[in-house]
Structure formats: C-alpha cells, structure tokens
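J.: Sharing a structure, written as structure tokens. Questions coming.
The values are calculated or read from the model by the stated rules, or taken from the named source; none is laboratory data. Everything numeric in this text was worked out from a predicted model, so none of it was measured. Note: ideal-geometry Cβ built from the backbone for every residue, glycine included; neighbour counts use all protein chains shown.
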C-alpha cells in the first residue's frame, strides 16, 4: 500500500490506517484514540467492525493485553515483527509520516535498530549503506564543483558542504532517526598510490576527525554492538571507540594497511575495551598477553611475548570462568613459549608444530598449538577429546 497515493479524506486511506494499527498490535480502544486525532467523525463501532474483518482474513498480529497504548511494541516477537515490516516496508512507513503526523512516534518506535551501517570513504565520495529488517537505504555523497551531491535511494540533492563533512552529516541524521542504536558498524576506506594518496590522506584525516566529533555530540551516545574499522593509526580508532556507548559493545575488529607499530595504551584504558567479548586486531601493536585475558575470543598480532608475560597469562587463563579461544601471531619466532609451557602438562612435536595441553583446575584442559610465528590456545571442556 502506498499511503501517499491515497486522498486523506477517502475511505481507502482510513481503512489502510486502521489496518496498520491492527497489524501493529493495538486493540480497538487504543486504535480509536489514535484514529480520532485524524478522523474526527470516526466511531468506535466502525473500528471494531474493521478489526473483526481483518481478523477473519487471518492477517497476523501481536497480542496486546496491556492498558498502555505503546506497550504493544514490547509484545511483538521477532518473527511477527518481521512479518509486520514485510507487509509495511520502509517506503510505506515514510509515506505515512508525510500524511499522518499523529503516528510519527509510533512508526519510529516500530523500527528502532539499524542492523548494519557500512561507511566507505572513497577518494571523491562517502558511501553509506544502512541495513534494517526488510529494507536497505543507499546514501552516496560525492564531490562536486561547489560542494557535494547527495544521492539517497536514487534521489539527488545538491549541497554547498564538501563531501566528507556532508557524508558525516548524513550518518548523523541516520543514527538520530534510529534513536542512536546500531548493531554493527563498518568503517572502510580506499587506498591510493603516489600523489593521490597524499590528497586522500587529508580526506581521511578530516573524515575520522569529524566522525569522532559527531559521535561525541550524540546524547545519549551511539549504542553499537560491533565495530569493524580500518585505520591508519590508533588516533583514528580512539575517537571512534571512545565515543560509542559501553552498553552492549562487545565486538571489535581492526585492520590496517600500515606497516607501523600501533601504540594502544590510550585504547586499553577505555571501558569499551574492558568489556570486549570478541577481538580481531590484524596489525602489530603494543598489546601484551595480559591485555586480552578478559576477552574470551581473540585473534591478535603482537610482538613476541617475553618470559615475564607467559606465566601470568597462563595463570589468568587457568582461573578464567570463560571458555577461551586465542590465535596469537608474533613478529618473531615463539619457540621459547613452548619451553615454558612444557612443565605444565603434556607436549609433543609433530613435524614443525608443537602440540600440548594443560589441565584446568575445574576439569577439562587448555590445548595449544605452536608453529613458528603462530600460537593457538583454546579451552576444552571435554576431557576425553584426543590431543
């Protein structure tokens, strides 16, 4: 249904509004209270008859036994909500906002969370892909002679603001509309060579700076479960992760084309770091073994662990209530790690790989596998598993 195509005074428009309220869990009384704001002549009997007809058609709807007109949202289970949003795609919801202002708050509440935001910085444009249940929005902000051009789902609008700044503004609009909740956020950029790289590097400096400033202004902060980010230095990462709400933030994936060494001290002090459940850090950094023992699942590249680090790390893992799975990649050989682990349990060598296991005090064991530059480390709860 296209609400924008209906005459607001027509019976067809009114019946589609009644259908919307039925399918989103309102009872007759709640629907009548909302409808009479737009249709002063409507009667409760008319709403009741329409609801009965819709029910006889077998249209799915959530049960709402609450006296609170908004509480029906809390009673919508995921499969039913998915059905509702498939019957009422984003285009229809947007059209409803244009012609039926009284329902704006309720429509906004129907679609609180963005599943994924992809931000891709190109040499002359910023692309945003916004994914929600049942729909995807494409936003492209490209460089123009006197500012930029914003294209949203095929519709273009000129802007006097340069493309990097305008791209960040478009992201801010998205998270403001969605009550600042995003399940996954991906931040990427293209790499250039030669002179183009210097120009694009200035754009990246501006992009990360403006993005950090924007996130810092949001009140409340952006809620994000997982951040996947490509960076050049820790200065790119710090203002982004530091301005995401610690609430529900569990996953961090960091990549870089840089061969430089990443100093992580400022990041490690953040609350967001301390509550991570998954980490993938594919660039060599100042992370030590002690910095990851609170994270159950991690893949990290670090300098070769020294002897002073290894035993405290092992002790922390033996005491951890979590099931652990680590892949530790080193800059240099790590054969000395195997020598320190050997007295703690069983160990053998097959080809160039060292295999071992260390008993856990609570039952089960930690198994490890060490090759020249890689150390795999995993908690095993089944004691009868073969090494």
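J.: Is at least one residue of segment 364-373 surrounded by fewer than 16 Cβ atoms within 10 Å (Cβ to Cβ), assigned to a strand (DSSP E or B) and at negative phi? Full working, then the answer.
T.: Step one: of segment 364-373, the residues surrounded by fewer than 16 Cβ atoms within 10 Å (Cβ to Cβ) are 371-373.
Then drop every residue that is not assigned to a strand (DSSP E or B), which leaves none.
No - not one qualifying residue is present in segment 364-373.
J.: Given (1) surrounded by 14 or more Cβ atoms within 10 Å (Cβ to Cβ); (2) assigned by TED's automatic domain parsing to the domain that holds residue 221; (3) touching a helix residue (DSSP H, G or I) at 6+ places or on another chain (Cβ under 7 Å), identify the lone condition not met by residue 280.
T.: So the condition that residue 280 fails would be (3).
J.: Does any residue of segment 244-262 turn out to be in a helix (DSSP H, G or I) and in the same structural domain as residue 182 (by TED's automatic domain parsing)?
T.: no
J.: Determine which member of the set 328, 358 is at pLDDT 85 or above, within 30 Å of residue 254 (Cα to Cα) and touching a strand residue (DSSP E or B) at 6+ places or on another chain (Cβ under 6 Å).
T.: Just one listed residue meets the conditions, 328.
J.: So is residue 319 free of Cβ contacts under 8 Å to residues at least 60 places away in the same chain and within 22 Å of residue 371 (Cα to Cα) or not?
T.: Against the criterion (free of Cβ contacts under 8 Å to residues at least 60 places away in the same chain and within 22 Å of residue 371 (Cα to Cα)), residue 319 does not qualify.
J.: Do you know which of the residues in segment 307-350 that are in a strand (DSSP E or B) and in contact with a helix residue (DSSP H, G or I) (Cβ under 9 Å, 6 or more places away or on another chain) is nearest to residue 379 (Cα to Cα)?
T.: Applying the filter and picking the extreme gives 326.
J.: Within segment 288-308, can you find the residues that are surrounded by fewer than 17 Cβ atoms within 10 Å (Cβ to Cβ) and modelled with pLDDT under 90?
T.: 290, 303, 304, 306, 307, 308
J.: Okay, moving on. Any residue in segment 288-306 that is within 24 Å of the chain's Cα centre (by Cα), in a helix (DSSP H, G or I) and closer than 30 Å to residue 232 by Cβ?
T.: Yes, the conditions are met somewhere in segment 288-306.
J.: Is it the case that segment 174-183 has a residue that's modelled with pLDDT of 95 or more, outside any strand (DSSP E or B) and assigned by TED's automatic domain parsing to the domain that holds residue 253? It would help to see each step written out before you state the result.
T.: Quick first cut of segment 174-183, residues modelled with pLDDT of 95 or more only: none.
For segment 174-183, residues modelled with pLDDT of 95 or more, outside any strand (DSSP E or B) and assigned by TED's automatic domain parsing to the domain that holds residue 253: absent.
J.: Out of 58, 19, report the one residue that is exposed (fewer than 12 other Cβ atoms within 10 Å of the Cβ) and either part of a helix (DSSP H, G or I) or modelled with pLDDT of 55 or more (or both).
T.: Answer to the check: 58.
J.: Right, something else. Being in contact with a strand residue (DSSP E or B) (Cβ under 6 Å, 6 or more places away or on another chain) and either at pLDDT below 90 or in the same structural domain as residue 248 (by TED's automatic domain parsing) (or both) is the requirement here; does residue 169 meet it?
T.: no
J.: Every residue in segment 184-204 that is touching a strand residue (DSSP E or B) at 6+ places or on another chain (Cβ under 9 Å) and modelled with pLDDT of 80 or more, please.
T.: Residues satisfying the conditions are 184, 185, 186, 187, 188, 189, 203, 204.
J.: Condition check: in contact (Cβ under 8 Å) with a residue 12 or more places away in the chain, crowded, with 20+ Cβ neighbours inside 10 Å and more than 27 Å from residue 172 (Cβ to Cβ). Does residue 227 satisfy that?
T.: Considered against the rule, which asks whether it is in contact (Cβ under 8 Å) with a residue 12 or more places away in the chain, crowded, with 20+ Cβ neighbours inside 10 Å and more than 27 Å from residue 172 (Cβ to Cβ), residue 227 comes out as no.
J.: Going by the conditions given, is residue 222 at pLDDT below 95 and surrounded by fewer than 20 Cβ atoms within 10 Å (Cβ to Cβ)? Spell out how you get there, then give the answer.
T.: Details: at pLDDT below 95: yes; surrounded by fewer than 20 Cβ atoms within 10 Å (Cβ to Cβ): no.
Considered against the rule, which asks whether it is at pLDDT below 95 and surrounded by fewer than 20 Cβ atoms within 10 Å (Cβ to Cβ), residue 222 comes out as no.
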